[in-house]
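These notes concern the structure reproduced below.
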Amino acid sequence: MESGHLPIRESLASAMRHERRWRSHSSSQSSKAPLIMGFLSCLAWLYVAGRLWQDAENRILLSGLLQKNSGHAPKILSVEDKLMNLGCKEVGRKMVEAEMDLTLAKSKGFLTQSGSSSRKKFLAVIGVYTGFGSRLKRNIFRGSWMPRGDALKKLEERGVVIRFVIGRSANRGDSLDRNIDDENRQTKDFLILESHEEDGEELPKKAKFFFSAAVETWDAEFYVKVDDSINLDLDGLIEILESHRARKNVYMGCMKSGAVISEEGKQWYEPEWWKFGDAKLYFRHAAGSLIILSKNLARYININSASLQTYAHDDTSVGSWMMGVDATYVDDDRLCCSSSRQEKVCSVA
């Protein structure tokens, strides 16, 4: 009986020992957790305290630097300040003044070209507009009012240059261009505008190219644009030009105005019609048959040609450019080519 209960007692004793060991181990583990947590808390506190101390030290350092440099606060430097720092304020000032003077001179057309003082002086350069298919008309002019050969050279000695004015073909170097080059080699009476395309739609731009090329090639008192649809009284024109020789900024011709055509498809249609106001009237301008500009005005066109607006017609285009400068308008009935006045200097061919 007693021997039967012995294994049960041993099992209970073994279980109790195991429980005591587990409790002892659990107690040991639970006693270590607060220590670990306390250690980690200390590390976190030391880290935070270190950062706070470092930030406080940086603030003290920055505060000291700001106090030290409070009288030397940075400022935005102007161009003048930079020039002063570089030791060239006076040079910079003179450069600015020179640039302003140059701009003013350009705006008024008084820019003197290099070498112009050594060039021969002329009274006038007359440019007669022509086209690729107008050789017969050119020959008629050469046999009537326009000198040719030695007579053309003698006229230049008197101070008057006459040239047929034409651009280049849209297909550069084709038979049209070659024919003009061949004719020019024989007659030597062309001003060929290399940068201009000879086309009806490009006609308003031709005035810019003509006046620019003429003023660059010859130093004259006047530059005259003439249509190839009129005959010219050369002596009468020279007399008129001589009478205005002492005047500056002369814009001369048969002055007119007129309605702006806003209906597309009609003759003389103006694509920019809306710019001319509700009345749809052109400003006063010299008729396209004969336009005369003095030297300064031609130079103005040459200098500003890249930014000058062109309209549907060359005469209104030139008139718009003259509105922006101090031009002296001269309206002379003798320059009205369609007029019935006897003493006029031009007539319809």
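With respect to the conditions (1) part of a helix (DSSP H, G or I); (2) open to solvent by 30 Å² or more (accessible area, probe 1.4 Å), Asn296 lacks only one, and its number is (2). Checked against the criterion of being within 21 Å of the chain's Cα centre (by Cα), within 20 Å of Lys206 (Cβ to Cβ), open to solvent by less than 20 Å² (accessible area, probe 1.4 Å) and of a type in the set (Ser, Thr, Tyr), the candidates Ser317, Ser305 yield just one match: Ser317.
Looking across segment 320-344 at every residue that is β-branched (Val, Ile, Thr) and not in a loop (DSSP other than H, G, I, E, B), the one that is surrounded by the most Cβ atoms within 10 Å (Cβ to Cβ) is identified as Val330.
Condition check ((1) open to solvent by 10 Å² or more (accessible area, probe 1.4 Å); (2) of a type in the set (A, V, I, L, M, F, W, C)) across all residues:
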position: His244; (1), (2): yes, no
position: Tyr251; (1), (2): no, no
position: Ser257; (1), (2): yes, no
position: Lys280; (1), (2): yes, no
position: Phe283; (1), (2): yes, yes
position: Ala286; (1), (2): no, yes
position: Ser289; (1), (2): yes, no
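For Ala213, the conditions (1) open to solvent by 10 Å² or more (accessible area, probe 1.4 Å); (2) within 31 Å of the chain's Cα centre (by Cα); (3) touching a residue at least 60 places away in the same chain (Cβ under 8 Å); (4) under 24 Å from Gly253 (Cα atoms) are fulfilled apart from (3). Return the residues of segment 157-183 that are within 21 Å of Lys121 (Cα to Cα) and surrounded by 16 or more Cβ atoms within 10 Å (Cβ to Cβ); say none if nothing qualifies. The answer is Gly159, Val160, Val161, Ile162, Arg163, Phe164, Val165.
Considering each residue of segment 192-238, count those that are outside any strand (DSSP E or B), out of contact with any Cys (no Cβ under 9 Å at 6 or more places or on another chain) and of a type outside the set (S, T, N, Q), and give that number. I'd like the intermediate steps shown before the answer.
Filtering segment 192-238 down to residues outside any strand (DSSP E or B) leaves 198-218, 227-229, 233-238.
Keeping just the survivors that are out of contact with any Cys (no Cβ under 9 Å at 6 or more places or on another chain) gives 198-218, 228, 234-235, 238.
With of a type outside the set (S, T, N, Q) added as a condition, the list becomes 198-211, 213-216, 218, 228, 234-235, 238.
Total meeting the criteria: 23.
Taking every residue in segment 259-271 that is part of a strand (DSSP E or B) and pairing it with any residue that is open to solvent by less than 40 Å² (accessible area, probe 1.4 Å) and among the small types (Gly, Ala, Ser), at least 6 positions away or on another chain, the pairs with Cβ-Cβ distances below 9 Å are Ile261/Ala312; Tyr269/Ser262; Tyr269/Ala312.
Listed residues Val125, Val226; which is in contact with a Leu (Cβ under 7 Å, 6 or more places away or on another chain) and either surrounded by 16 or more Cβ atoms within 10 Å (Cβ to Cβ) or at positive phi (or both)? Please lay out each step first, then the result.
Details: Val125 fails: in contact with a Leu (Cβ under 7 Å, 6 or more places away or on another chain).
Testing whether each residue is in contact with a Leu (Cβ under 7 Å, 6 or more places away or on another chain) and either surrounded by 16 or more Cβ atoms within 10 Å (Cβ to Cβ) or at positive phi (or both) leaves just Val226.
Taken as a whole, the condition of being loosely packed, with under 13 Cβ neighbours inside 10 Å, modelled with pLDDT under 95 and among the acidic types (Asp, Glu) does not apply to Asp199.
The values are calculated or read from the model by the stated rules, or taken from the named source; none is laboratory data. Small disclaimer: the values here were computed from a predicted structure and weren't measured. Quick reminder, even Gly has a Cβ in these numbers, built from the backbone with ideal geometry, and neighbours come from all protein chains shown. What goes into the accessible areas is simple: the full protein's heavy atoms, side chains included, and nothing from ligands, DNA or RNA. Shrake-Rupley method; radii C 1.70, N 1.55, O 1.52, S 1.80 Å.
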